[in-house]
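See below for the structure under consideration.
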Amino acid sequence: MLLSLAWVTALLAALLALRVGQKLYFPYFWKDAFFLAKVVRYGARLEASKRRGKVVTVVDTFVRRAAEAPGKTFIIHDGARHTYGDVDARSNRVARVLAERGTLRKGDTVALLMSNEPDFVCVWFGLSKLGCSVAFLNTNVRSRSLLHCFSCCGARTLVVGADLLDTLQDILPNLQEDNISVWAMKEKTPYPGVHTLLDKMEQASDKAVPAELRAATSLRAPTLYIFTSGTTGLPKAAVITHLQALKAAAGFWAYGGTKDDVIYTPLPLYHSAASLIGIGGTIELGATCVLKKKFSASQFWNDCRTYNVTIFQYIGELCRYLCNQPKTENEKEHKVHMAVGNGLRQDIWREFHQRFGEIRMCELYGSTEGNLCFMNHIGKIGAVGRSNMFYKLLFKYALVKYDMVKDEPVRNKHGFCERVTKGESGLLLSKVSSQSPFFGYAGSKQLSEKKLLNDVFVKGDVYFNTGDLMAEDYEDFISFKDRVGDTFRWKGENVATTEVTEITGLVDFIQEANVYGVEVPGNEGRAGMAAVIVRPDCKFDGKKLFDHVVSDLPTYARPLFIRLQESMEMTGTFKQQKFQLVASGFNPTKIADPLYFLDYTEKRYVPLTASLYENIMDGQRKL
């Protein structure tokens, strides 16, 4: 008896010691294990469906949800509720009109240019039910850039929202010359050759479209094209396969979302965050999505209270705008318990919690075209994700040394990259393999190849270059540090400096332009700045340049600052040197070159004086 008691006591002591040791040395072990088990279970489900020869897509799941609970609210928009059954029926009407009145066939690509509204989803799903791939066009893109989007994804049909049809006025002749069929979500239109969709939908049947049309034969078949700005300048069409769409749709579920959640999506649907994670994630849960046409900081919390929102999507800028709103007494009176997004600064994160309550902020990291994703399931402030020994067994990534002056990874004497030490910033690379494939971009093969690095650690290996500088601390938390290359972020959008350079260079008095991003205190990302050389015998014209960039560039891509230079610094490979320009910023007391600021009040670029600079730095002058 005493011996048995001694054994029990020893066993309990050993278990207690293990528990204490785990708490001290592996504090996140169980949270990591449970989270990864959930992710692996989801992956196993996808693999099982593939082995059975039946690929279950996001649209398949939506159709099943509509059949199981047709009266469940799927989308709330401008106060109107649209059930799963409503959207299913309306998407059937879209499919039947475009199939019967148009020339669409399974495998075709259709471009979609629409603002956030329920019909965006109806058209998307209607086209998917026909077996078509859909290319989401950025509603800020205009003229030449928009025409380029059609050529690179091969779309021969365009569906445009009623509120955006007039923005196509200048390029409609070009579209028609290229035999691109344009359908407007209107009952009538003044533009010759533009087909109307709404009037025909009223006459169309809402009977289910044959399932074999949408049936996917492979998880790796393209279903969407989502445009992203990159170092090539013009928008690139990232190929989104069924596999990527399904993985993204699991985001809310992985963080613990349920069918009872109400998800607030104020982000544009043409971005992967709102479409793949927001709409796809809502469907995966069988939940409800409150779709906002455009983010409004003043209406945000009222919307959350009105619709009983429990989860919202964000980018870092969104949370900063909310924190900048005047304080109110009922700021913590809401049902929001979780937020999912990326780009949240530590200081904003803490202020957000103080202002609006201990909402669980679920940061994640990943690019539209990338083959790697990090998720901060622990909730550590400042981290975009978390790794661990289990994760590293499944996903091969590396942080390597990067030369900011040469704008390239550091290679040792053997020609291989070198890993950074713990806590040190490095370029994030993700190994391309059958488990982590890279599907690239539609169109030119060269665009895809430029995102890959070969012979990184051994001969023959291939890694996806994220273009992001990251750091991994001693507890395996991943944090974002900066972007490298020719792309920076401003106002939640990627700005391709090559495209801005090309458009800025069209002004007659500009001989050469070098566009880059500079940090502005109190603002997320980097503001656009252009170093320009004025042509001989010409003068800088702030009014003409203002009119040009406002006309041809979206708001987030317009250079806020201009620096006049006599000559451009170049690298040894004849690339424009940006490192010193970025480092020197836009302080007129430290830069001898003339500086100008984009002034919307004066409607021109005005001289950047010391007092104006101080107002910008103090936050008195809003950007």
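Give me the one-decimal Kirkwood hydrodynamic radius in Å for segment 26-184, with the sum taken over alpha-carbon pairs.
Mean inverse Cα-Cα distance, inverted, gives 18.0 Å.
Percent antiparallel among DSSP beta bridges with both residues in the chain, to the nearest 5?
Of those bridges, close to 60 percent are antiparallel.
Which value, in debye to the nearest 20, describes the size of the charge dipole of segment 317-448 about its Cα centre when Lys and Arg Cβ atoms bear +1, Asp and Glu Cβ atoms bear -1, and nothing else is charged?
That gives a dipole near 520 debye.
About the Cα centre of segment 165-317, what is the dipole size in debye to 20, counting +1 per Lys and Arg Cβ and -1 per Asp and Glu Cβ, all else neutral?
320
Quick one: how many Å² of Trp301 are accessible to a 1.4 Å probe, rounded to 10?
Estimated to the nearest 10 Å², Trp301 gives 20 Å².
Roughly how many percent of the accessible protein surface of the chain is carbon and sulfur, given a 1.4 Å probe and a whole-percent answer?
Using a 1.4 Å probe with all protein chains present, the chain comes out at 53 percent carbon and sulfur.
Among Val400, Asn412, Met389, which residue has its Cα positioned farthest towards the positive end of the charge dipole of segment 379-436, with +1 placed on the Cβ of Lys and Arg, -1 on the Cβ of Asp and Glu, and the dipole taken about the Cα centre?
Among Val400, Asn412, Met389, the one farthest towards the positive end of the dipole of segment 379-436 is Met389.
Heavy-atom accessible area of Met529 with all protein chains present, probe 1.4 Å, nearest 10 Å²?
Number for this one is 0 Å².
For segment 443-499, take N as its residue count and report Rg(C-alpha) divided by 2.2 N^0.38 Å.
Rg over 2.2 N^0.38 Å, computed on Cα atoms: 1.41.
Could you state how much accessible area Ser611 has, in square angstrom rounded to the nearest 10, with a 1.4 Å probe and all protein chains kept in place?
Here the accessible area works out near 80 Å².
Would you please state the base-10 log of I(q)/I(0) at q = 0.18, 0.22, 0.24, 0.29 1/Å for segment 203-257, with intensities from the Debye formula using one equal scatterer on every alpha carbon?
For segment 203-257 at q = 0.18, 0.22, 0.24, 0.29 Å⁻¹, log10 I(q)/I(0) is -0.84, -0.92, -0.95, -1.05.
Show the residues, 5+ positions off or on another chain, whose built amide H is closer than 5 Å to the amide H of Asp461.
Counting only residues 5 or more places away or on other chains, the set is Asp455, Val456.
If you count only protein heavy atoms with a 1.4 Å probe, what accessible area per residue comes out for segment 49-146, rounded to a whole Å²?
38
If each DSSP helix of 4+ residues adds -39,500 (n - 2.57) and the sum is divided by the residues in the chain, what number results at 222 nm, nearest 500 deg cm²/dmol?
That calculation yields -9500 deg cm²/dmol at 222 nm.
For Phe439 and Ser151, what is the calculated FRET efficiency with R₀ set at 25 Å and r taken between the beta-carbons, to the nearest 0.05?
The computed FRET efficiency comes out at 0.85.
Report the dimensions of segment 250-396 along its three principal axes from the alpha-carbon atoms, largest first, rounded to Å.
48, 32, 25
Quick one: Karplus J couplings for segment 107-112, per residue in order, coefficients 6.51, -1.76, 1.60, θ = phi - 60°, nearest Hz, x for Gly and Pro?
After applying 6.51 cos²θ - 1.76 cosθ + 1.60, I find x, 6, 10, 10, 8, 10 Hz.
Using alpha carbons only, how many angstrom separate the centre of segment 101-122 from the centre of segment 502-549?
Segment 101-122 and segment 502-549 have Cα centres spaced 37 Å from each other.
Around Lys293, under 10 Å between beta carbons, what's the net of Lys plus Arg minus Asp minus Glu among the other residues?
-1
Considering the options Cys323, Ala238, Ser115, tell which one lies farthest towards the positive end of the dipole of the chain, charges being +1 on Lys and Arg and -1 on Asp and Glu at the Cβ, about the Cα centre.
Ala238
Considering the alpha-carbon set of segment 274-360 alone, what are its Rg and its Dmax in angstrom?
12.7, 36
Amide H neighbours of Cys289 under 5 Å, at least 5 residues apart or on other chains, H built in the peptide plane: list them.
The list, which skips near neighbours in sequence, is Ile75, Ile76, Ile263.
Keeping all protein chains in place and using 1.4 angstrom, which order do Asp178, Asp552 fall into by accessible surface area, from largest down?
Reading off the accessible areas and sorting them downward yields Asp178, Asp552.
Got a sec? Charge dipole of the chain, +1 on Cβ for Lys and Arg, -1 for Asp and Glu; which of Val59, Ala211, Gln313 is way out at the positive end?
Ala211
What three numbers, in Å, describe the spread of the alpha carbons of segment 390-489 along their principal axes, ordered from the longest?
41, 35, 34
When the chain is fully extended, how far beyond the present Cα-Cα distance does Glu519 get from Ala208, taking 0.36 nm per residue of separation?
106.7 nm
What ³J(HN,Hα) values, in whole Hz, does the Karplus curve 6.51 cos²θ - 1.76 cosθ + 1.60 give for segment 158-166 when θ = phi - 60°, with x put for Gly and Pro?
Once θ is set to phi - 60°, the couplings for segment 158-166 become 10, 10, 10, x, 4, 7, 10, 4, 5 Hz.
Once you have the alpha carbon radius of gyration of the chain, what is it after dividing by 2.2 N^0.38 Å, with N set to its residue count?
1.02
Only Lys, Arg, Asp and Glu count, each charged at its Cβ (+1, +1, -1, -1), so figure out the dipole size of the chain about its Cα centre, rounded to 20 debye.
Around 1840 debye, computed over the chain.
Can you tell me the mean projection area, over all orientations, of the convex hull of segment 99-193's alpha carbons? Units nm², please.
So the mean shadow area of the Cα hull is 5.8 nm².
The values are calculated or read from the model by the stated rules, or taken from the named source; none is laboratory data. In this text the structure is predicted, and so the values were computed from the model without any measurement. Glycine also receives a Cβ, built like all others from the backbone with ideal geometry; neighbour counts cover every protein chain displayed. We work out accessible area using only protein heavy atoms, side chains counted, and drop any ligands, DNA or RNA first. Shrake-Rupley method; radii C 1.70, N 1.55, O 1.52, S 1.80 Å.
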